[in-house]
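The next block holds one structure in the form of structure tokens; read it before the comments.
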Amino acid sequence: MLFDFFPSHTLTTYLAKKFTIAIVSWLGVLVLVLMALDLLGKTGDILSVEGNGNAELWLYVSLRTPQLIARFLPYSVLLATIITLMTLNQNSEVTAMKAAGLSAHQILAPLLLIGMIVAAISFVFNERIVTRATGTLKAWEAVEYAAIPEDRATRTNVYFNDGNDVLMGATLSGRGEGTVLGKVSYYERDDAGMIIRQATADRATFAGPGWRLEDATVFNVATADTQQVDTLVVAEGVEIAQIELRRVDPDGMPLGELSDSIEALQDAGRRTDELEAKWWHKISGPLSAVLMPLLGAVAGFGLARSGQLFTRAVIGMALGFAYFVVDNAALAMGSFGGYPPLLAAWAPFFLFLFVGETVLVRTEE
């Protein structure tokens with residue numbers, strides 16, 4: 001019986017059902033509250049655009065909700081673990097199960113099984129829905145909640161170096177030779193890095209080579225003269241390939257598309273540590289749902305009448321939130337090159353897996 005993790009079908013169904021209901025309940029509460037708070041800050045910006053109304057508010061909700069679900073699903077699993085196990089402990093159900101011969105791992109097995117199912121659903125949900133919603137929402141935010149551009153890959157605040165010179169654009173849209181930069185600024189600099197000429201325009205298109213500024217305003221620093229130019233070709237060293245590489249947004253790409261982008265960047269000799277860490281984290285991130293029952297398990301054991309149940313719940317919550325802190329810190333270090341991408345994505349998961357297992361074995365087994 002000790003090596004049978006599901007010795008009772010009835011007990012497994014009971015625990016799994018109780019845990020699933022708790023996850024869905026906590027997720028619904030968190031998403032509802034956070035969505036309401038988010039709308040308080042965004043409603044004014046959305047409705048300030050002429051023609052926007054309730055339909056646009058609901059559109060924002062439909063695009064933002066998948067992001068909130070993906071971000072707070074692991075927290076919901078942690079809270080559900082603690083509440084479920086505390087309730088079982090207070091009602092002496094844990095005591096009854098242990099008296100029947102079940103080990104702590106057997107009691108947790110149904111919760112871990114549900115955690116695996118949640119992780120699989122989370123991965124598919126992120127790949128199929130969250131990435132698309134993220135890409136569309138970013139494109140909408142780039143145009144300040146006006147009409148959503150047909151090109152959902154529109155990027156904002158991009159810049160490119162051409163030797164000492166700098167080409168900047170508030171927006172980047174289009175593909176290939178049809179790429180368009182919006183609200184463009186071009187700075188021509190000398191060898192010392194000082195600006196000698198500045199040109200601004202509402203849009204710039206690829207001139208092959210260079211970028212054609214239309215109706216440009218040119219300011220000459222040496223003479224302090226300003227003149228209007230119908231067309232001006234600048235930044236001849238900035239190629240289409242450089243533009244395409246700036247389109248990489250790991251949050252808005254599924255694994256396959258992100259893999260192709262990483263390969264293209266590597267072929268171009270660009271640093272890809274940040275993207276590789278995000279690639280691995282798309283796999284390790286959903287698996288945190290498997291880790292939460294183990295970290296929160298400390299709340300379900302020990303005698304409820306000992307007065308330490310609340311303390312155990314706090315410890316379980318602290319372990320869970322510590323994982324999220326370390327996970328984000330490791331991912332940031334991986335982005336800056338402090339950790340190898342693989343280590344940055346997976347080290348926190350295995351570290352807290354060992355911590356949770358050690359705590360469970362030493363205290364309950």
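A few remarks follow.
- Relative contact order for the chain: 16 percent, from Cα pairs under 8 Å spaced at least 6 residues apart, divided by residue count.
- Going by neighbour counts of Cβ atoms within 10 Å, the residues LYS282, LYS183 line up, fewest first, as LYS183, LYS282.
- If you run the Gaussian network model on the chain, springs between alpha carbon atoms under 10 Å, then out of ARG203, ARG212, ARG189 the most flexible one is ARG189.
- If you plug the beta carbon distance of ILE117 and PHE336 into 1/(1 + (r/R0)^6) with R0 = 41 Å, you get a FRET efficiency near 0.75.
- By the beta-carbon count within 10 Å of each Cβ, the least crowded to most crowded order of LYS98, LYS278, LYS17, fewest first, is LYS17, LYS98, LYS278.
- Adding -39500 (n - 2.57) for every DSSP H run of four residues or longer, then dividing by how many residues the chain holds, sets the calculated 222 nm ellipticity at -19500 deg cm²/dmol.
- Within the straight-line cut-off of under 17 Å between alpha carbons, none of the lysines are reachable from LYS98, sequence neighbours fewer than 8 places apart in one chain being disregarded.
- For the peptides 227-235, 317-325, 37-45, the ranking by mean Cβ contacts within 10 Å, running from highest to lowest, is 317-325, 227-235, 37-45.
- Neighbourhood net charge (13 Å Cβ-Cβ; Lys/Arg +1, Asp/Glu -1) for GLU188: -3
- Bins of 5 Å, starting at 0 and running to the largest distance - Cα pair percent for segment 194-345: 2, 8, 11, 11, 10, 9, 9, 9, 8, 6, 5, 4, 3, 3, 2, 1, 0
- Taking all Cα-Cα distances within segment 155-244, those exceeding 16 Å account for 49%.
- Long pairs among LYS17/LYS278; LYS42/LYS282; LYS42/LYS278; LYS18/LYS42, criterion Cα-Cα beyond 30 Å: LYS17/LYS278; LYS18/LYS42
- Between SER62 and ALA322, the modelled label-to-label distance comes to 4.4 nm, taking each label 7 Å out from Cα in the direction of the beta carbon.
- Amide H within-cut-off set for VAL221, under 5 Å, with H built and near neighbours excluded: ARG197, GLN198
- Amide H contacts under 5 Å for ASP162, placed H, 5+ residues apart: LEU167
- Translational diffusion coefficient (Stokes-Einstein; Kirkwood radius from C-alpha pairs) of the chain at 25 °C, 0.890 mPa s, in µm²/s: 102 µm²/s
- Burial ordering of HIS105, HIS9, fewest other beta-carbon atoms within 10 Å first: HIS9, HIS105
- Translational D in µm²/s for segment 60-130 (Stokes-Einstein at 25 °C, 0.890 mPa s, Kirkwood Rh from C-alpha pairs): 175 µm²/s
Any read-out appearing in this document is the output of simple, stated calculations on the displayed coordinates, not a laboratory observation. Here the structure is a predicted model, which means the values were calculated and not measured. Cβ sites come from the backbone with ideal geometry, for glycine too, and all protein chains shown count toward neighbours.
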